[in-house]
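Only one structure is covered here, and it is reproduced in the block below.
The values are calculated or read from the model by the stated rules, or taken from the named source; none is laboratory data. Since this is a predicted model, take the numbers as computed values, not measurements. When we count neighbours, we look across all protein chains shown, and the Cβ atoms used for this are built from the backbone with ideal geometry, even at glycine.
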Amino acid sequence: MFSAINPYGHSNFHIWAIFKARFSVLIIGMKILLIILAASVLLKILIRILAKLHPSPAPAFIGRFLDSNLRRKVQSPNKLIHRSGIREGIQVLELGCGSGAFTTFVARTVGENGKVYALDIQPKMLKQLEQKLSKTENKDIKNVELIHGDAYKLPFDNNSLDLAYMVTVLQEIPDRHKALQEIKRVLKPGGMLAVTEHLFDPDYALKSTTIKLCQEVGFVLDEALGSIWNYTVRVKKP
Ligand SMILES: C[S@@+](CC[C@H](N)C(=O)[O-])C[C@H]1O[C@@H](n2cnc3c(N)ncnc32)[C@H](O)[C@@H]1O
């Protein structure tokens, strides 16, 4: 009787069985991946619809996730600082600072000659940032001022700040034009606004949408950096 034995001692039938088993594991894995992908797209659509029907800021309990090492791996603070044009000695507004995922990094970049105004509409978010700043490892930071405020009415004089930045915030604000006008008011002529968006955010908007919004209120595009996944649009007040 014919028996197909290969040099490794397996019959062709065994090789085929192993191949089939591995292939079905691959297929199952791909199916699971597709289900997860479809579920996250559906969840994103659902959150978007709910946000449109009932506009409200991101709940404060997500502050813990926002300010996590995992998040910083996906969205590097150094890259954000570089793309936003944040540098030593400037007066910066972080609008919608949340739990402060980026605040300490920015504070150290602007240094003791600079200042960071960390503003948020939710006291519970600011509380998380306050707790973070009170930790031993952040005791060196003395240039952050926490402000409970609203993007529509910023507590600053006209032409007083060098730079403002927002990370996954702009699309959360129902009247974006009003907020952008208000940011433009407080920036010095030549001052910069940096808007960063991340595809993970349910409110994500395309780079072109962000540029158009900023241009509609009179900002001039300086640079748009990054990919569809995570980008920063930097615009200038003329
Ligand atoms: C998705 S969280 C992002 C927080 C932070 N920028 C980050 O990336 O970790 C959006 C933040 O914007 C704040 N926010 C929403 N609308 C605002 C408004 N009109 N004025 C000020 N802050 C606002 C929310 O309270 C929330 O903390």
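Annotations
- Of the listed requirements (1) near the ligand (Cβ under 10 Å from one of its atoms); (2) out of contact with any helix residue (DSSP H, G or I) (no Cβ under 8 Å at 6 or more places or on another chain); (3) closer than 22 Å to residue 49 by Cα, residue 209 misses just one: (1).
- Filtered residue count, the stretch 71-105, keeping only those that are out of contact with any strand residue (DSSP E or B) (no Cβ under 8 Å at 6 or more places or on another chain) and of a type in the set (A, V, I, L, M): 1
- Yes/no for residue 124 being among the charged types (D, E, K, R) and either within 12 Å of the ligand (Cβ to nearest atom) or in a helix (DSSP H, G or I) (or both): yes
- Residues of the stretch 154-169 that are of a type in the set (D, E, K, R) and touching a strand residue (DSSP E or B) at 6+ places or on another chain (Cβ under 9 Å): 162 alone.
- Members of the stretch 87-121 found to be more than 14 Å from the ligand (Cβ to nearest atom) and assigned to a loop (DSSP other than H, G, I, E, B), listed by number: 87, 88, 89, 90, 111, 112, 113, 114
- Taking the criterion of being more than 12 Å from the ligand (Cβ to nearest atom) and either surrounded by fewer than 22 Cβ atoms within 10 Å (Cβ to Cβ) or outside the structural domain of residue 216 (by TED's automatic domain parsing) (or both), the residues of the stretch 149-182 that qualify are 156, 157, 158, 159, 160, 162, 177, 181.
- Of the residues 144, 106, 116, 110, the single one that is modelled with pLDDT of 95 or more, touching a Gly at 6+ places or on another chain (Cβ under 8 Å), crowded, with 22+ Cβ neighbours inside 10 Å and hydrophobic (A, V, I, L, M, F, W, C) is 110.
Results for (1) at pLDDT 85 or above; (2) part of a helix (DSSP H, G or I); (3) under 21 Å from residue 170 (Cα atoms), shown as yes or no for each residue.
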site	(1), (2), (3)
18	no, yes, no
26	yes, yes, no
43	no, yes, yes
48	no, yes, yes
65	yes, yes, yes
70	yes, yes, no
80	yes, yes, yes
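- Looking across the stretch 79-117, just one residue is touching a Phe, Trp or Tyr at 6+ places or on another chain (Cβ under 9 Å) and of a type in the set (Lys, Arg), and that is 83.
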